[in-house]
Amino acid sequence: LPIYSTQQLITMGNQPPLRSAWLVSDGRVLASADIADTPRARRVGLLGKSTTETALVIEPCSWVHTLGMRFALDVAYVDGDGVVIKVSRLSPWRVGAPVRGSKYVIEAAAGSFERWRLRVGESIEVRSS
């Protein structure tokens, strides 16, 4: 993991254009989402933002960090079948452990998963808009 200064992390926060999608579970639309599926988009993630109204889908991905982040995140690790295999909350400046079997990760502002009733074992679909 490279070491960056806070200023470098914030500068890297200039987000490249992302594809839009909807997160759907059991017929319910949970949220709108942006898809980070390029190396640069995955590297930048939510850096430089003070909050987010949408979710961020990072693919492929099996671990995340909140170094340089300004707010806590709900993080869902999802397997290749679209099943949530782990859910966690990361405070700013933390590093999560890799999750075996995770094909992509969904990040959202802390508290989002409670509102969405998103839990381990649920199926989730990322529908491109």
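The values are calculated or read from the model by the stated rules, or taken from the named source; none is laboratory data. Everything numeric here is computed off the predicted structure, so don't read it as measured data. For neighbour counting, all protein chains shown are included, and Cβ atoms are generated from backbone atoms with ideal geometry for every residue, glycine included. Just the protein is used for accessible areas: all its heavy atoms, side chains included, with ligands, DNA and RNA removed. Shrake-Rupley method; radii C 1.70, N 1.55, O 1.52, S 1.80 Å.
Data table
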quantity	calculated
Residue-by-residue Karplus 3J(HN,Hα) for the range 63-80, coefficients 6.51, -1.76, 1.60, Hz, glycine and proline x	7, 9, 9, 10, 5, x, 7, 9, 8, 6, 10, 8, 10, 10, 9, 10, 7, x
Nonlocal amide H pairs with Leu67, under 5 Å, H built at 1.01 Å	Trp93, Arg94
Highest to lowest packing among 66-76, 51-61, scored as the average C-beta count within 10 Å	66-76, 51-61
With every protein chain in place, the chain: carbon and sulfur % of accessible area (1.4 Å)	51 percent
Karplus (6.51, -1.76, 1.60) ³J(HN,Hα), θ = phi - 60°, over the range 82-94, in Hz, Gly and Pro reported as x	x, 9, 5, 9, 7, 10, 8, 10, 10, 6, x, 6, 10
Note, ³J(HN,Hα) from phi for the range 100-116, Karplus 6.51, -1.76, 1.60, rounded to Hz, x at Gly and Pro	4, x, 6, 9, 8, 10, 10, 10, 8, 4, 3, x, 4, 5, 5, 5, 7
Computed [θ] at 222 nm, deg cm²/dmol, the chain (DSSP H ≥ 4; -39,500 (n - 2.57); rounded to nearest 500)	-3000 deg cm²/dmol
